[in-house]
Amino acid sequence: MTASPVRLVAEDAPDQPRPTTELTELYRGFEQELLVPLWTEIGDLMPAHPQSKAAPHLWRWDSLLPLARRAGELVPVGRGGERRAIALANPSLGGRPFASPTLWAAIQYLLPGEDAPEHRHTQHAFRFVVEGEGVWTVVGRDPVAMRRGDFLPQAGWNWHAHHNATSEPMAWIDGLDIPFQYATEAQFFEFGRDEVSEAERITPERSRSERLWGHPGLRPVGAEPSPAGTPLLAYRWEHTDRALTEQLELEAEGFAGVVEPGHAAVQFSHPGTGGDVLPTLRTQMHRVRRGAETAPRREVGSSVYQVFDGSGTVTIDGHTWTVGRGDLFVVPSWQSLSIRSEAGHTDSDSGALDLFRFSDAPVFEALHADRVQVEGISR
Ligand code: 1HN
């Protein structure tokens, strides 16, 4: 057969007609008119269940961080390149800077005194800090401190810049819905001011957003947040940690509330709506007690995890990796994941495995295309 887009005989498709001269002629006619018959393609177009083009993969923090440091020495940050961000490229997505078909994940690095310039884009974004501090991200002219364990969402089309106000470099991870907006051809981007004012280069302990929106269960009367993205720009580790600690304490006391035995989780939520912090991204923190293992679970849509603390093993569709602090892994759509918390070689005994997770779940829920299977139970 020639390099025709139409397959004359589709081995994987049953009930194909016998190849004859007339059939070859017919298929050549299809090709000339840019037509493709369904009967040769249906297996790929309509699989019985999602068959991700992406592969499960693990990136080690110990490999990423030295490369980011080296980029800090060799590559300036400024207008044009915009960010010293180095993206995770899924090995099965053709070298594109996409962790999964919908999710972007990158390590970003900023040196003492450096500024990442102001811009805005329709892509929804967040930062998560696995170690270090000293950078303020300025979102809508509100400077927000970034420290270990903090989660910092930033909904699309907000102006944002970052500055490192300390004498230490800082690394963190960025998550965005770039591949999703790329595939759906929905992106807009604008450069901001080249210089930000001194008033914005300040380094307050608490951002204006936290002072207005960061009080548990209390909504400011008179402030109308956009439903499209959370008005709270920082979710601090002390709250996340305490929520997880208390869930596991309650479990030990015999009260309900955990996901499954030994596994606590919280979801970062929009304080005005209770929904996801960003329209396309769901973000959570999980804690698996030392010795516990999560039930294998598959979901429609993909996720990226970063180990925040502790160590263990993760198994994604039959591939098992040991993981430790900072390591990142991607779970493609409908591939099963289970997580086991156990002491590693180099681990200080933290007693649990903490994992930050982000996924594209809100997209599938909005389309009523979400599905979850836990150990054979469909939901
Ligand atoms: C971006 O604006 C940031 O603001 C990080 O830190 C990563 C990747 C692609 C496009 C814009 C940031 C980005 C990005």
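The values are calculated or read from the model by the stated rules, or taken from the named source; none is laboratory data. Please read all numbers here as calculations on a predicted model, not as lab measurements. Cβ sites come from the backbone with ideal geometry, for glycine too, and all protein chains shown count toward neighbours.
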Taking the condition touching a Ser or Thr at 6+ places or on another chain (Cβ under 9 Å), of a type in the set (A, V, I, L, M, F, W, C), over 30 Å from I316 (Cα atoms) and within 12 Å of the ligand (Cβ to nearest atom), does V135 pass?
yes
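Pick from V130, V196: which is at pLDDT below 95, part of a loop (DSSP other than H, G, I, E, B) and in contact with a strand residue (DSSP E or B) (Cβ under 9 Å, 6 or more places away or on another chain)?
V196
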Return the only residue of E195, E190 being away from the ligand (no atom under 13 Å from the Cβ) and over 25 Å from H239 (Cα atoms).
E195
Check segment 180-190 and report whether any residue there is touching an Asp or Glu at 6+ places or on another chain (Cβ under 9 Å), touching a residue at least 40 places away in the same chain (Cβ under 8 Å) and not hydrophobic (A, V, I, L, M, F, W, C).
no
Scanning segment 138-158 residue by residue, those assigned to a loop (DSSP other than H, G, I, E, B), surrounded by 19 or more Cβ atoms within 10 Å (Cβ to Cβ) and away from the ligand (no atom under 11 Å from the Cβ) turn out to be G149, D150, A155
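Residues checked against (1) among the aliphatic types (A, V, I, L, M); (2) farther than 17 Å from D174 by Cα; (3) at pLDDT 95 or above; (4) surrounded by 11 or more Cβ atoms within 10 Å (Cβ to Cβ):
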position	(1), (2), (3), (4)
L26	yes, yes, yes, yes
E33	no, yes, yes, no
Q51	no, yes, yes, yes
L58	yes, no, yes, yes
W61	no, no, yes, yes
L74	yes, yes, yes, no
R84	no, no, yes, yes
P91	no, yes, yes, yes
L110	yes, no, yes, yes
Which of the strands (runs of 3 or more DSSP E) contained wholly in segment 85-124 include at least 3 residues that are in contact (Cβ under 8 Å) with a residue 12 or more places away in the chain and within 19 Å of S302 (Cα to Cα)?
104-110
Matching option when the condition is closer than 20 Å to F128 by Cβ and either touching a residue at least 24 places away in the same chain (Cβ under 8 Å) or touching a His at 6+ places or on another chain (Cβ under 7 Å) (or both), among S207, S226
S207
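Just a yes or no: is a residue in segment 95-107 surrounded by 18 or more Cβ atoms within 10 Å (Cβ to Cβ), more than 9 Å from the ligand (Cβ to nearest atom), over 23 Å from L65 (Cα atoms) and at pLDDT 95 or above? Talk me through it step by step, then tell me what you get.
Initial filter on segment 95-107 (surrounded by 18 or more Cβ atoms within 10 Å (Cβ to Cβ)): 98-107.
Checking which are more than 9 Å from the ligand (Cβ to nearest atom) leaves us with 98-103, 105, 107.
Filter again for over 23 Å from L65 (Cα atoms), leaving 101-102.
Okay, now just the ones that are also at pLDDT 95 or above, so 101-102.
Checking segment 95-107: at least one residue is surrounded by 18 or more Cβ atoms within 10 Å (Cβ to Cβ), more than 9 Å from the ligand (Cβ to nearest atom), over 23 Å from L65 (Cα atoms) and at pLDDT 95 or above.
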Scan segment 203-214 and tell me whether some residue there is surrounded by 13 or more Cβ atoms within 10 Å (Cβ to Cβ) and within 11 Å of the ligand (Cβ to nearest atom).
no
Failed condition for D276, given (1) farther than 28 Å from G318 by Cα; (2) more than 15 Å from the chain's Cα centre (by Cα), with all others met?
(2)
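For segment 152-166, enumerate the residues that are of a type in the set (S, T, N, Q) and within 25 Å of E238 (Cα to Cα).
Initially, segment 152-166 is screened for residues of a type in the set (S, T, N, Q), giving 154, 158, 164, 166.
Answer for segment 152-166, where residues must be of a type in the set (S, T, N, Q) and within 25 Å of E238 (Cα to Cα): Q154, N164, T166.
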